[in-house]
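Student: Okay, here's the structure, questions in a sec.
Nothing in this text is a laboratory measurement; each read-out follows from the coordinates by a stated rule. These numbers were taken from a predicted model, which means no experiment stands behind them. Glycine gets a Cβ as well: all are built from the backbone with ideal geometry, and neighbour counts include every protein chain shown.
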């Protein structure tokens, strides 16, 4: 009697590539030696990448591990929750909330401009006292297991957008830290504060940073941004922030 184990390798690769990655690794791989061999094949994971749109031909020579590439591509998304103020301040911790406090406004706002991404409709705005807010991201809760982070150390890309009102000067600050299980800082991105003068162009600007070759042991990412106006005007004349993102993706040698 013919069984699934009698199928040619290429047919078995095609069939198994239809299954979720979790089932392949946790269930199929332990069925027998033949299935373990097939599940570990580069061709199987490259086929899954093709099926889900992660594969590009120019990646052939730059991807060292297609299984890890697939896992990271499948997981990749913005880990910052409520980045564009659509849920007011949900998911954010208000670390400093002084002056007239944080506020949410609609794009472009008074004496402001539209952000290049038309899908972004709202932003957070600071006041005349220090206003800072943060999120703490647990990588395990987001699906990034310890061995993956320690052995592969995928790229961690941080982006944030900020702008000022045309008629008021302000200050913008950003800190991003990669933390251990015990919240020890293993790597940090802390650019110099940006001070914007009064009568500025009110243009939205992006700041970005990519963490690479960081130490093993990263379990959390802490993101904090904010600032205030520099003229101490009552109301919401300080820095505006929105469209923040943290993504973890596969490292390629392109």
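Student: Sequence gap at least 6, Cα distance under 8 Å: using those rules, report the relative contact order of the stretch 19-76 to the nearest whole percent. Numbers along the way, then the final one.
Tutor: Values: 29 pairs, mean separation 16.5, N = 58.
Relative contact order comes out at 28 percent.
Student: Roughly what angle does helix 66-75 make with the longest principal axis of the chain, taking Cα atoms, 0 to 90 degrees, to the nearest 10?
Tutor: Relative to the chain, helix 66-75 is tipped by roughly 40 degrees.
Student: Now a separate question. Could you work out [θ]222 nm for the chain from helices alone, using -39500 (n - 2.57) per DSSP H run of at least four and dividing by all its residues? Round to the nearest 500 deg cm²/dmol. Can you show the working numbers first?
Tutor: Working: 6 runs with 47 residues, N = 254.
-5000 deg cm²/dmol, from helical runs alone.
Student: For residue 192 and residue 37, what is the calculated FRET efficiency with R₀ set at 51 Å and r taken between the beta-carbons, to the nearest 0.05?
Tutor: Working: r = 53 Å, r/R0 = 1.04.
Calculated value: 0.45.
Student: While we're on this one: Just subtract the alpha-carbon distance of residue 30 and residue 98 from 0.36 nm times their residue separation and send over the number in nm, one decimal. Show your work: numbers first, answer last.
Tutor: Details: separation 68, 0.36 × 68 = 24.48 nm, distance 5.71 nm.
Length difference between fully extended and current span is 18.8 nm.
Student: So for 62, 73, fewest C-beta neighbours within 10 Å to most, what's the order? Provide the component values of the computation, followed by the final result.
Tutor: Values: 62 13, 73 17.
So the residues, fewest neighbours to most, are 62, 73.
Student: Between residue 138 and residue 18, 0.36 nm times their residue separation minus their Cα-Cα distance comes to what? Don't skip to the end; give the middle numbers.
Tutor: Values: separation 120, 0.36 × 120 = 43.20 nm, distance 2.97 nm.
Separation in residues times 0.36 nm, less the Cα-Cα distance, equals 40.2 nm.
Student: Let me ask something additional. Specify the angular offset, from 0 to 90 degrees and rounded to the nearest 10, of the alpha carbon long axis of helix 42-51 from the longest principal axis of the alpha carbons in the chain.
Tutor: Approximately 50 degrees, to the nearest 10.
Student: What FRET efficiency do you get for residue 81 and residue 184 if R0 is 35 Å and r is their Cβ-Cβ distance, rounded to the nearest 0.05?
Tutor: On the way: r = 24 Å, r/R0 = 0.69.
It comes to 0.90.
Student: Restricting to the stretch 93-249, what percent of DSSP beta bridges are antiparallel, rounded to 5? Don't jump to the answer; show the numbers that get you there.
Tutor: Working: 50 of 50 bridges.
Approximately 100 percent, going by the DSSP bridge assignments.
Student: Obtain the nm distance between the two label points defined at residue 117 and residue 58 by a simple spin-label model: each point lies 7 Å from its Cα along the Cα-to-C-beta direction.
Tutor: It works out to 2.3 nm between the two label points.
Student: Kindly list the residues of the stretch 100-130 that lie in the label zone of residue 89, defined by a backbone N under 16 Å from the point 7 Å along the Cα-to-C-beta vector.
Tutor: Flagged as within label range: 100-105, 123-130.
Student: Have a look at 112, 53, 226 and tell me which one the Gaussian network model of the chain (Cα, springs below 10 Å) gives the largest fluctuation.
Tutor: For the chain, modelled as a Gaussian network with Cα springs under 10 Å, the answer is 53.
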